[in-house]
Amino acid sequence: MSEDSVRGLTTIGRLPWWDLAEVADHDAHIFGRTAWTLNYYWAVKAQPGTSMFAARTAGSDLAGWIVMFAAGSESDVMTIATTEVGRGQGIGRRLLEAGVDWAASRGAAAVHLEVDEHNSSALGLYRSFGFDEWGRRPGYYPGADAILMRFRPPAD
Ligand SMILES: CC(C)(COP(=O)(O)OP(=O)(O)OC[C@H]1O[C@@H](n2cnc3c(N)ncnc32)[C@H](O)[C@@H]1OP(=O)(O)O)[C@@H](O)C(=O)NCCC(=O)NCCS
């Protein structure tokens, strides 16, 4: 399948509990020693105020996922990733849209996240989406600062 057809046919929907093991496998591959374990995914899924979305290709391959948290007027992107089949095809942006739309529907006036200052692909995605940098946590990651970013969904 070509990249264009993967992009066109990928669908985004709620991430059901029975897909968590698959997601955790990909997470370990992508994030290495900072990966979330399957147990941690279960704990987050059970936490009130969280929501998870997954992208799947027409062939049902996992192309990416996002985990959101919202409480009151605030929301967080807890994690986001695209898999090897999904990377660089606009799927990260679509997942972020799904997460931000969900947060806005819950009344979030701001969506927050933190990102490793050296993670150029994630920084590129967040900046092009419209997130602004508002602070730093020096040394938050091994050998790197965390950049704190915020997006304000447009009011209806
Ligand atoms: C960050 C990540 C989710 C981006 O997902 P993606 O599906 O590849 O991103 P998209 O194809 O939707 O790209 C959207 C925008 O992000 C930016 N971007 C994506 N890859 C980039 C790269 N390698 N370098 C710079 N900018 C990049 C671009 O602005 C791009 O817009 P454009 O295609 O119009 O130029 C993906 O690279 C990933 O899973 N990385 C590993 C996990 C991770 O670091 N997660 C974030 C933790 S904070």
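Observations
- Tail beyond 26 Å, pair distance distribution of the chain (Cα, percent): 24 percent
- ³J(HN,Hα), Karplus 6.51/-1.76/1.60, whole Hz, each residue of the range 142-156, x for Gly, Pro: x, x, 8, 7, 8, 8, 9, 10, 9, 10, 10, x, x, 6, 5
- For the peptides 75-84, 10-19, residues were scored by their other Cβ atoms within 10 Å and the scores averaged per peptide; the highest-first order is 75-84, 10-19.
- A cut-off of 5 Å between modelled amide H atoms, ignoring neighbours fewer than 5 places along the same chain, links residue 141 with 146.
- Long-range HN-HN contacts of residue 108 with modeled amide H, under 5 Å: none
- Distances between placed amide hydrogens fall under 5 Å for residue 63 paired with 55, 56, 57, all partners being 5 or more residues away or on another chain.
Taken together, the values in this text are just the output of simple stated rules run on the coordinates, not laboratory data. Owing to the predicted nature of the structure, the values given are computational and were not obtained by experimental measurement. All Cβ positions, glycine included, derive from the backbone under ideal geometry; neighbour counts span all protein chains shown.
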